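One structure is given below, encoded as structure tokens.
The values are calculated or read from the model by the stated rules, or taken from the named source; none is laboratory data. Predicted model only: the values in this text are computed from it and were never measured. Because the Cβ atoms are built from the backbone with ideal geometry, glycine has one as well, and the counts that use them run over all protein chains shown. The protein model used for the area step is the full one, side chains on, heavy atoms only, and it has no ligands, DNA or RNA in it. Shrake-Rupley method; radii C 1.70, N 1.55, O 1.52, S 1.80 Å.
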Amino acid sequence: MGGQDSIPTAGDLRRGRIGLLGGSFNPAHEGHVAIALRALRALRLDQVWFMVSPGNPMKAASSMAPFAQRLQSVLQLVDGHKLVATDIEARLGTHYTVDTVLKLQKRFPRVRFVWLTGADGFATLPRWKGWRQLVHRVPLAVMPRPGQNNRALHGTAGHYLARWRIPARRAALLADLIPPVWTFLPGRQNGISATSIRQNGGFGSGNGPLAPSGRSHSGERS
């Protein structure tokens, strides 16, 4: 179990290659960890920040656990070193991914950020506020999701970004490339679902954050 990293809201001059994995984490589960570990290896990242969103415009507030509970579900799964849970998005006061990324890039000017998302999130990317601005500001790494990959790669975002896609064999270069640039990282597909965890009483029921499968976080998340 890892502690929460003290990532300063004002930023600093740290260097490194950092993956940003944003989401409701309602709750966090082993599928999120699998995405982060895959990104660490394939993209040669120094860290992955699990950014717990204070709210989500695309999800009903009534279905959302309290922020502190969702953050705790991440803390139970990360090591606090390579995988870091953070509430920085809440402290920044941003409500959309594009605004969060712009602020992070301004406040951590020496960090090379990469946005991490599942294929389900990539498929819904055109519904996000300022999504074209987002992809022109930060490299993206897309992870496979059961039943979502074809829809994602051949959807609106996939077509728009097709000419800027690099093959997975060059993924280690992604953080150093100027956006727009992205890659799809094929591999083992994890079908675990936050929705199924809640439906099976695995979140807030005393049974811990993990339970059987379905799908992960998706869509505009903050």
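Miscellaneous remarks
- Odd one out for residue 14, checked against (1) modelled with pLDDT of 95 or more; (2) in contact with a helix residue (DSSP H, G or I) (Cβ under 8 Å, 6 or more places away or on another chain); (3) closer than 23 Å to residue 110 by Cβ; (4) open to solvent by 40 Å² or more (accessible area, probe 1.4 Å): (2)
- Pick from the stretch 194-204, criterion assigned to a loop (DSSP other than H, G, I, E, B) and under 24 Å from residue 146 (Cα atoms), ranking: modelled with the highest pLDDT: 203
- For the stretch 104-135, residues that are more than 17 Å from the chain's Cα centre (by Cα), surrounded by fewer than 16 Cβ atoms within 10 Å (Cβ to Cβ) and closer than 19 Å to residue 17 by Cα total 3.
- Selection status of residue 74, over 23 Å from residue 137 (Cα atoms), touching a residue at least 40 places away in the same chain (Cβ under 8 Å) and either assigned to a helix (DSSP H, G or I) or among the hydroxyl-bearing types (Ser, Thr, Tyr) (or both): yes
- Scan the stretch 77-94 for residues that are in a helix (DSSP H, G or I) and either open to solvent by less than 10 Å² (accessible area, probe 1.4 Å) or free of Cβ contacts under 8 Å to residues at least 40 places away in the same chain (or both) and the total you get is 3.
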